[in-house]
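J.: I have a structure here, written as structure tokens, and I will follow up with some questions on it.
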Amino acid sequence: MSSTKLHAYHDGSSLMLGTVYTLMKIPTWRGNRILDRDHAKKLQTAVENVQLLDKGYYVIVVPETDAGGNVVEQRYIVDGQHRLSILKEARDTGFFPDFPVTYTEKIVESESDAIEYFNTINSMKPMPPQDEDSTPETVINRCIVALEKEFNTSKKKSDWCLRATETKRPFLCVHDIRPLLHTNMGRLRTVKPAEFARRVRVWNDKHVEEIELQMAMTVGVPPIRVKCHERKFALALHPKLPWIVACLA
């Protein structure tokens, strides 16, 4: 993304200058609240010129090292999705020229860091307390934090098994977990995040032991199973992630 850094804030984020068409290419972070169409319509009615929507955006940058040792960066919009939805609709219904926009950008190391930053920038409209009815995204975010605390214990990021960006097995991208957690939201609401993470740990360790037994008794064990055993991490072993339903039963 071709942008210019204008200022560095004390929280580690930076004020950036880019263009609206480039900003619109950045996907929305999956832990964000579902787009409120009514709010977007009210905002659209209040705006006479789309060029007035040239500020107030927040972007996270998630760095990851690929198999070749190269650092790749994935960006996500964590705030400003309603303004961007108005701009995209204006673009689709009638062309307007590209124009400069400013946004705040912050590098995060994990999904937990992204969730913490999201909560910080939304502190003026806090998310519902945990003991009250919360949005599905809030419930899922808490579970993601609990799972990362359970499995990403190494100080070396390269050893983390739960990744915030797309990855290959035996590692597991947290974005692959979100849809299944959402599907099982009814059960998920009845289990505290720490308890869910504990159950997942038990499920994981049991399946790592089963792989170890198979390796001791069988020649030609599938490479993915060997990799899972080496990492002591079996959550990505099966693409359909059966442990989610099993640990919510």
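J.: Looking at (1) modelled with pLDDT under 95; (2) in contact with a helix residue (DSSP H, G or I) (Cβ under 8 Å, 6 or more places away or on another chain); (3) among the β-branched types (Val, Ile, Thr), can you tell me which one Thr138 breaks?
T.: So Thr138 meets the others, but not (2).
J.: Which one is surrounded by the most Cβ atoms within 10 Å (Cβ to Cβ), of the residues in the range 5-36 that are assigned to a strand (DSSP E or B) and of a type in the set (S, T, N, Q)?
T.: Going through the qualifying residues, I end up with Ser14.
J.: Which ones in the range 70-87 are under 15 Å from the mean Cα position of the chain (by Cα) and over 30 Å from Lys42 (Cβ atoms)?
T.: Of everything in the range 70-87, those that are under 15 Å from the mean Cα position of the chain (by Cα) and over 30 Å from Lys42 (Cβ atoms) turn out to be Glu73, Gln74.
J.: Look at the range 61-109 and say how many of its residues are out of contact with any strand residue (DSSP E or B) (no Cβ under 7 Å at 6 or more places or on another chain), small (Gly, Ala, Ser) and not in a helix (DSSP H, G or I).
T.: Count: 4.
J.: For residues that are out of contact with any Phe, Trp or Tyr (no Cβ under 9 Å at 6 or more places or on another chain) and more than 13 Å from Asp113 (Cα to Cα), scanning just the range 143-156, find the one that is modelled with the highest pLDDT.
T.: Glu150
J.: Go through (1) touching a Leu at 6+ places or on another chain (Cβ under 8 Å); (2) touching a residue at least 24 places away in the same chain (Cβ under 8 Å) one by one and return the number of the condition Ala246 breaks.
T.: Looking at each condition in turn, Ala246 falls short on (1).
J.: Does the range 190-202 hold any residues that are surrounded by fewer than 16 Cβ atoms within 10 Å (Cβ to Cβ) and either touching a helix residue (DSSP H, G or I) at 6+ places or on another chain (Cβ under 7 Å) or small (Gly, Ala, Ser) (or both), and which are they?
T.: Ala194, Arg201 - these are the residues of the range 190-202 that are surrounded by fewer than 16 Cβ atoms within 10 Å (Cβ to Cβ) and either touching a helix residue (DSSP H, G or I) at 6+ places or on another chain (Cβ under 7 Å) or small (Gly, Ala, Ser) (or both).
J.: Which residues, counting only those in the range 157-168, are in contact with an Asp or Glu (Cβ under 7 Å, 6 or more places away or on another chain) and either under 22 Å from Ala194 (Cβ atoms) or modelled with pLDDT of 95 or more (or both)?
T.: If the condition is that a residue be in contact with an Asp or Glu (Cβ under 7 Å, 6 or more places away or on another chain) and either under 22 Å from Ala194 (Cβ atoms) or modelled with pLDDT of 95 or more (or both), then Leu162, Arg163, Ala164 are the ones that fit.
J.: When you look at Thr102, is it among the hydroxyl-bearing types (Ser, Thr, Tyr), crowded, with 16+ Cβ neighbours inside 10 Å and not assigned by TED's automatic domain parsing to the domain that holds Asp159, yes or no?
T.: Yes: the conditions hold for Thr102.
J.: Counting only residues that are free of Cβ contacts under 8 Å to residues at least 24 places away in the same chain and not basic (Lys, Arg), which one in the range 141-189 is surrounded by the fewest Cβ atoms within 10 Å (Cβ to Cβ)?
T.: Gly186
The values are calculated or read from the model by the stated rules, or taken from the named source; none is laboratory data. None of the values given here were measured: they were computed from a predicted structure. As a convention, Cβ positions derive from the backbone with ideal geometry for all residues, glycine included, and neighbour counts pool all protein chains shown.
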